[in-house]
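Asks: Have a look at this one.
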Amino acid sequence: MPAVGKNLAHDSARTHVTGQSVFLDDLAPLAGELVAGIVPSPYAHGRLLSLNTTQAVQTPGVAAVLTASDVPGHNRFGPVFVDEDLLVEETAMFLGQPLALIAADSLDTLHQAIAAVEIEMEELPPILTIDQAIAAESFSFGPLTIECGELTAGFDEADEVIEGTLDIGGQEQFYLESQIAIAAPGEQGQMHIQSSTQHTTEVQEMVAELLGVPFNHVICTCKRMGGAFGGKETQAAPPAMMAALLANHTRRPVRFAYNKDDDMRFTGKRHPFKSFYKAGFTRDGRITALDVKLYSNGGCSTDLSPAVLERALLHTDNTCYFPNLRVTGTVCKTNLPSNTAFRGFGGPQGVASTENILEYVARHAGLDPLDVRQRNTYGIDDRNLTPYGQTVRNNTLPELFESIRVEADYDTRRAEITAFNQTSPTHLRGLAVSGVKFGISFTRRAMNQANALINIYHDGSVMVSTGATEMGQGVNTRIRQIVADELGVSYDQVLVAITSTEKNNNTSPTAASSGTDLNGAAAADACSRLRDRLAVVAAGMLGNPQAGQTPEPATIIFRDGLAIDTRKPTKRIPFADVIAAAYEQRVSLGERGFYATPGVDFNRSTGKGTPFLYFTNGVACTEVLIDRFTGQYETTRVDLIMDVGESINPGIDRGQVIGGFVQGMGWCTTEELKYSPKGELLAPSPTTYKIPAITDVPADLRVRFLDNPNNVVSIRRSKAVGEPPLLLGLSAWLAIKDAIAQQSPDPNTSADLPLPATGEQVLLALDRIATAAPSLA
């Protein structure tokens, strides 16, 4: 039976729930292994005057204390721009930036040695916020611009124009397994890195550059991660680099692992954004012109901030056709750890800006927000060209909006909620619909490629190696399903190997929701080549040479563990027998596959092109109940409809949709990053940082997949679902805004409700309405 399309369990599900899954810190110490840690900068911005490590070096059990001067290769690093010190040379740019590295034989000894280092620094004024960076003109990248149409003409056509700002908060990735790497030195300057990383190739290359050796001297492997959400795309590299530097110096294995608090304090997060917008619209809610300026808080270095900003700009249209639009973006340089990738990668911030604008257009025009969304959504045969020039094909957005309106009983509930809010003295209800059109592909063209290696063994079992890394999202399970069907064998006959740079070279990160699309397609390519060779062998085995009857290889198919002659289906032989014969005939049973995403190309200088292979679409309708006296809320019901094409694994996709939505809901409502004036994160632990708990998941949660077999451009007509559902979490924030807005005739009432809308922010907004009530009467 085919494996694709089946609800097969995640390949680590059983070992996860029984505690048998092995993560890096579960591995027993290697012989002579050392533990490593950093001497952190006490200031977010400070000039290093002196560093006395004498007492630390003399601490019994300490094997090495290293500073920037001990780096044999390049101390400066960066995934795109090389602009961050691994170890501070002159000026610390964020609180916790490593001043020195220490390797010791135990954690107790390590902590003693760190405390023994004497630091002398001159504290400098830090820049921490977007507003501070704008005032100081502290920018690291930009501006970038995407535009279409004529803004002046669009605003002239408008009946009304609104302007405003929106503060969009960041978010901690909160993977359960903190950043960790184990480095083991080998012969002739070689190094083996085991890393909890989304990008084995990047770890390989950055470690090699740090050590001053060719890339082939470093092997990076990753079995699995205990979560990542983008936080281990680039920021897994520094722990690996620090472990490798110490291992290279001591010639002993070194383990570097942050504890959870330090991981939260010293690593980058989702970028906070600030949106300045001006929108023109007609009385019927049609937006005629939109001018948006986006600023992101990039932190101390560039990291992936330009790409994150670019995706924010590319998603500012979201589900809407804007005939006249200009969106400009700039990255602010601040004294925080360099902000980085997070599920959605800038898309959520760009979409949040637009969804907020749609709400205010509806309030000002006196229209229902869902009507405004449907009135502005992309069309099927016209109104389907994005601001950057890509045509929206296979567009399911109109169907999705109409379906959610009916299935969620939106209009009836809208009337009920209005009546409830007019009579309830204790609570408020809010209702909102939001949609998503998320582009699938890396916006950097070169990253849209993958390779795979498939080996078939004598017994017919199959091993697959790709550059994809498993972080819980199920990419290995999907690849197993694809390979099983491509070779016509059972799912249980296929295994996916540990990701390793010695088997798969020059890989892209497992990110941008493209892990299955890229690596699954590369694996399918390898399977196709193997099938062609095996069909020749099977044809010979199924024929009758004496009678001159030998089927053509083109008539041979592999299915249900058999090789079958389609002209005579009763003629069949086991797959394992074909493999045995192929080996005897010296036919290669290993193959490398390759895939390059076709048709993607984007010109950054013009802001035009086709950056995405396709779009994953979805809609959500969310209802909330708010306590008028505390500002606390609960999400009472959510309806979700996702266009996932033809799902490779519906069960895993359902988990991704629900998990992504809840994570997005947390970003929009409870997950608040607060820093002291000194740049210290004030909620650096699971006890103080409020991610959604199981009690925050809506009790009434309805999820449906749209039947859409028309996505012919990707592997098995599937669509990526890793990131898009997160953006639908905005519907919870919009529902809160809806409830607040109903309390006042002023359409700007909740204009200053930031994201996240914490209980405190909700209560403050309600208090502002109560205070302004007499003047509004």
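Asks: Go through 381-389, 659-667 and give me the packing order, highest mean Cβ count within 10 Å leading.
Replies: Per-residue mean Cβ counts within 10 Å order the peptides as 659-667, 381-389.
Asks: Let me ask something else about it. Express the accessible area of the chain per residue in Å², computed with a 1.4 Å probe while the remaining protein chains stay in the model.
Replies: Spelled out: the 1.4 Å probe surface of the chain, per residue, equals 38 Å².
Asks: Let me know the shape class of the stretch 239-303, please: from the alpha-carbon gyration tensor, a ≥ b ≥ c as square roots of the eigenvalues, rounded when a/c is under 1.5, otherwise prolate if a/b is greater than b/c, or oblate.
Replies: prolate
Asks: Dipole of the stretch 564-605 (Lys/Arg Cβ +1, Asp/Glu Cβ -1, origin at the Cα centre): which of 590, 578, 566 lies farthest to the positive side?
Replies: 566
Asks: Work from the charge dipole of the stretch 254-322 (Cβ charges, +1 for Lys and Arg, -1 for Asp and Glu, about the Cα centre) and give the residue of 308, 264, 292 farthest towards its positive end.
Replies: 292
Asks: Quick check for me: using +1 on Lys/Arg Cβ and -1 on Asp/Glu Cβ, what's the dipole size of the stretch 259-416 about its Cα centre, in debye to the nearest 20?
Replies: 600 debye
Asks: Sticking with the crude label model, points 7 Å out along Cα→Cβ, report the distance from residue 163 to residue 566 in nm, one decimal please.
Replies: About 6.6 nm, to one decimal.
Asks: Please turn the phi angles of the stretch 759-766 into ³J(HN,Hα) values with the Karplus equation 6.51 cos²θ - 1.76 cosθ + 1.60 (θ = phi - 60°), one per residue in order, whole Hz, x for glycine and proline.
Replies: For the stretch 759-766, the Karplus-derived couplings read x, 5, 5, 5, 5, 4, 5, 5 Hz, x marking Gly and Pro.
Asks: Quick check: residue separation of residue 594 and residue 52 times 0.36 nm, minus the Cα distance between them. What number comes out in nm?
Replies: Gain in length upon complete extension: 189.9 nm.
Asks: Net charge near residue 559: determine it from the other residues with C-beta under 14 Å of the C-beta of residue 559, scoring Lys and Arg +1 and Asp and Glu -1.
Replies: -1
Asks: Name the residues of the stretch 419-445 whose amide N is less than 17 Å from a point 7 angstrom out from the Cα of residue 603 along the C-beta direction?
Replies: The answer is 444-445.
Asks: Keeping the other protein chains in place, figure out the carbon and sulfur percent of the accessible area of the stretch 614-765, with a 1.4 Å probe.
Replies: Of the solvent-accessible surface of the stretch 614-765, carbon and sulfur hold 55 percent.
Asks: Let me ask something additional. From the phi of every residue in the stretch 422-432, what ³J(HN,Hα) in whole Hz does the Karplus formula 6.51 cos²θ - 1.76 cosθ + 1.60 yield, where θ is phi - 60° and glycine or proline is x?
Replies: Per-residue couplings from phi come out as 7, 10, 7, x, 10, 9, 10, 10, x, 9, 8 Hz.
Asks: Note down the magnitude of the dipole of the stretch 260-353 about its Cα centre, charges +1 on Lys and Arg C-beta and -1 on Asp and Glu C-beta and zero elsewhere, to the nearest 20 debye.
Replies: 220 debye
Asks: Once you keep just the Cα pairs under 8 angstrom separated by 6 or more residues, what percentage relative contact order results for the stretch 342-440?
Replies: 22 percent
Asks: Check which residues have an amide H placed less than 5 Å from residue 324's amide H, if you skip close sequence neighbours.
Replies: Amide H neighbours of residue 324, under 5 Å, 5+ apart: 290.
Asks: Within the stretch 230-295, what whole-number % of the accessible surface is contributed by carbon and sulfur, with the 1.4 Å probe and all protein chains included in the calculation?
Replies: The value for the stretch 230-295 is 44 percent carbon and sulfur by accessible area.
Asks: With an 8 Å cut-off on Cα pairs and a minimum separation of 6 or more residues, tell me the relative contact order of the stretch 542-659 in percent.
Replies: So the answer I get is 11 percent.
Asks: Take each of the peptides 320-332, 138-150, average the number of other beta-carbon atoms within 10 Å over its residues, and list them starting from the highest.
Replies: Answer by packing, highest mean first, reads 320-332, 138-150.
Asks: Shifting gears a bit: Past the 18 angstrom mark, what percentage of all C-alpha to C-alpha distances in the stretch 433-529 do you count?
Replies: Counting every Cα pair in the stretch 433-529, those more than 18 Å apart make up 45 percent.
Asks: Would you work out what percent of the accessible area of the stretch 1-73, with all protein chains in place, is carbon or sulfur (probe 1.4 Å)?
Replies: On the stretch 1-73, the fraction of accessible area on carbon and sulfur atoms equals 55 percent.
Asks: I would also like to ask the following. Which order do the peptides 235-245, 415-425, 493-503 come out in when sorted by mean C-beta neighbours inside 10 angstrom, highest first?
Replies: Top to bottom by mean Cβ count within 10 Å: 235-245, 493-503, 415-425.
Asks: So what is the 222 nm mean residue ellipticity for the chain from helices alone, if each DSSP H run of at least 4 adds -39500 (n - 2.57) and you divide by all residues, rounding to the nearest 500 deg cm²/dmol?
Replies: -9500 deg cm²/dmol, from helical runs alone.
Asks: So what are the ³J(HN,Hα) numbers for the stretch 357-368, from phi and the Karplus equation (6.51, -1.76, 1.60; θ = phi - 60°), rounded to whole Hz, Gly and Pro as x?
Replies: Those phi angles translate into 5, 4, 4, 6, 4, 4, 5, 5, 8, x, 10, 6 Hz.
Asks: Label the stretch 370-419 by shape, choosing from rounded, prolate and oblate, from the square roots a ≥ b ≥ c of the eigenvalues of the Cα gyration tensor; if a/c is under 1.5 it is rounded, and otherwise prolate applies when a/b is larger than b/c, oblate when it is not.
Replies: Cα axes put the stretch 370-419 in the prolate bin.
Asks: Moving to a separate point now. Output the relative contact order of the chain, whole-number percent, from Cα pairs under 8 angstrom with separation of 6+ residues.
Replies: Averaging sequence separation for qualifying contacts and normalising by length gives 15 percent for the chain.
Asks: Of 424, 408, 497, which is farthest on the positive side of the dipole of the chain, counting Cα position, with +1 on Lys and Arg Cβ, -1 on Asp and Glu Cβ, and the Cα centre as origin?
Replies: It is 497, whose Cα lies furthest towards the positive end.
Asks: Nearest 0.05, what FRET efficiency do residue 707 and residue 82 give at R0 = 51 Å with Cβ-Cβ as r?
Replies: That gives a FRET efficiency of 0.60.
Asks: Still on this structure, I have one more. If a/c stays under 1.5 just call it rounded; otherwise compare a/b with b/c (prolate if a/b is bigger, oblate if not). Do that for the stretch 677-747, with a ≥ b ≥ c from the square roots of the Cα gyration tensor eigenvalues.
Replies: The shape class here is oblate.
Asks: If each residue of separation counts as 0.36 nm, what is the full-extension length gain between residue 554 and residue 581 once their alpha-carbon separation is subtracted?
Replies: Taking residue 554 through residue 581 to full extension adds about 7.9 nm, to one decimal.
Asks: Using the structure shown, list the pairs from 232/269; 269/674; 269/690; 274/608 with a Cα-Cα distance above 19 Å, or answer none.
Replies: Among 232/269; 269/674; 269/690; 274/608, the Cα-Cα distance tops 19 Å for 274/608.
Asks: Report the calculated FRET efficiency for residue 31 and residue 700 (r = Cβ-Cβ distance, R0 = 41 Å), to the nearest 0.05.
Replies: My answer for the efficiency is 0.15.
Asks: Obtain the nm distance between the two label points defined at residue 152 and residue 368 by a simple spin-label model: each point lies 7 Å from its Cα along the Cα-to-C-beta direction.
Replies: Simple spin-label model gives 4.0 nm for this pair.
Asks: Counting Lys and Arg as +1 and Asp and Glu as -1, each charge on the Cβ, what is the dipole of the stretch 676-733 about the Cα centre in debye, to the nearest 20?
Replies: Computed about the Cα centre, the dipole is about 220 debye.
Asks: How do 737, 690 stack up against each other in accessible area, from largest to smallest, with a 1.4 angstrom probe?
Replies: The residues order as 690, 737, largest area first.
Asks: Could I ask something else about it? Based on the Cβ-Cβ distance of residue 74 and residue 764, what FRET efficiency does E = 1/(1 + (r/R0)^6) give at R0 = 60 Å, to the nearest 0.05?
Replies: Efficiency, from the Cβ-Cβ distance: 0.80.
Asks: Which length gain, in nm to one decimal place, applies between residue 634 and residue 492 when the Cα-Cα distance is subtracted from 0.36 nm times their residue separation?
Replies: Length gained between residue 634 and residue 492: 46.8 nm.
The values are calculated or read from the model by the stated rules, or taken from the named source; none is laboratory data. Keep in mind it's a predicted model, so treat the numbers as computed, not measured. FYI the Cβ positions are ideal-geometry reconstructions off the backbone, even for glycines, and counts take in every protein chain you see. The area values use the complete protein model at the heavy-atom level, side chains included, leaving out ligands, DNA and RNA. Shrake-Rupley method; radii C 1.70, N 1.55, O 1.52, S 1.80 Å.
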